[in-house]
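Read through the structure below, which is laid out as C-alpha cells, and then see the notes.
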Amino acid sequence: MTIRKITGAAIIVATLAMTPAFADISEARNFYQFEPTVLTSGQPSATQLSEAADDGIEVVINLVPETEGIYNPEEGEILANQGVEYIHVPVNWRDPKSEEFQNFLNAMDRVGDRKVLVHCWANARASALVAAHRAINAPETRAAELEQLETIWSDVAGYDFARNTVWQTFLADNISGAAQ
C-alpha cells in the first residue's frame, strides 16, 4: 500500500469517527406512532432530543414529573434551540389526577395539526393519554384505542394494561367525563 492510500484511509476513518450518529426518534424507548403526526415514546436520550427537529417534530409534550429520576431538566432548552415547542405536563404514574388529564387535553389542543412527540418514562402514560385523547375525538375508536394499549405496554417489562386497575379506571372516568 502506498502512503497516499493509507493517509486517505486514515482521513476517512477519522471523519467517520468525528461524525455524530443520527439519533432517529423512532429508536427511543418503546416508540409508537399512532399516526404520522402523533408519536409516543419513553424518555428520549439527549441526542434524540437534540435531533427532534430533524425528525420533523414541532412540539414535545413531556409527562415526566420533575420528581422522577428520569426527568431531564435540560429538555426544554435542548428543544428550544431547534425551534421545537416544549410543553411540560407532569402526570403522576401511581396516582394520576383528572386535572392532569385536562392539562394534557389542553396541551394537545394547543398542538393542533403539528407533529408532536408525547413521552414519559416508558411510554405507558404517554400512550394511555394519547389513546384517550383519540377516543374522545372519535368515540367509535375507544375500544380499539384501549386494546392497543395492551400491545404498547406489553413491550415494557412490568407493564400490563389489563391488570392496571388504576389506569383503567382513570382513563374510563376521564374519557367518559370529557365526552359529556
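The values are calculated or read from the model by the stated rules, or taken from the named source; none is laboratory data. Just so you know, these numbers come straight off a predicted model, no measurement behind them. All Cβ positions, even for glycine, are placed from backbone atoms using ideal geometry, and neighbour counts span all protein chains on display. Side chains included, ligands, DNA and RNA excluded: accessible areas come from the protein's heavy atoms. Shrake-Rupley method; radii C 1.70, N 1.55, O 1.52, S 1.80 Å.
Rundown of residues vs (1) polar (S, T, N, Q); (2) over 18 Å from Ala46 (Cβ atoms); (3) open to solvent by 30 Å² or more (accessible area, probe 1.4 Å); (4) not in a loop (DSSP other than H, G, I, E, B), yes/no style:
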{"site": "Glu68", "(1), (2), (3), (4)": "no, no, yes, no"}
{"site": "Tyr71", "(1), (2), (3), (4)": "no, no, yes, no"}
{"site": "Leu79", "(1), (2), (3), (4)": "no, no, no, yes"}
{"site": "Pro90", "(1), (2), (3), (4)": "no, yes, yes, no"}
{"site": "Arg94", "(1), (2), (3), (4)": "no, yes, yes, no"}
{"site": "Glu99", "(1), (2), (3), (4)": "no, yes, yes, yes"}
{"site": "Met108", "(1), (2), (3), (4)": "no, yes, no, yes"}
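Quick check on Leu129: is it open to solvent by less than 30 Å² (accessible area, probe 1.4 Å), aliphatic (A, V, I, L, M) and in contact (Cβ under 8 Å) with a residue 40 or more places away in the chain?
Yes, satisfied.
Report every pair of residues separated by at least 6 positions or lying on different chains whose Cβ atoms are under 6 Å apart, first residue within the range 148-163 and open to solvent by less than 60 Å² (accessible area, probe 1.4 Å), second modelled with pLDDT under 90 and not in a helix (DSSP H, G or I).
These pairs meet every condition: Trp153/Tyr159.
Here are some conditions: (1) of a type outside the set (A, V, I, L, M, F, W, C); (2) surrounded by fewer than 20 Cβ atoms within 10 Å (Cβ to Cβ); (3) closer than 21 Å to Val156 by Cβ. Gln48 meets all but one. Which one does it not meet?
Failing condition for Gln48: (2).
Go through Glu74, Glu51 for me and flag whichever is charged (D, E, K, R), out of contact with any strand residue (DSSP E or B) (no Cβ under 8 Å at 6 or more places or on another chain) and more than 21 Å from Glu35 (Cα to Cα).
Glu74
How many residues are assigned to a helix (DSSP H, G or I) and open to solvent by 10 Å² or more (accessible area, probe 1.4 Å) when one looks only at the range 110-124?
Summing the residues that are assigned to a helix (DSSP H, G or I) and open to solvent by 10 Å² or more (accessible area, probe 1.4 Å) in the range 110-124 gives 1.
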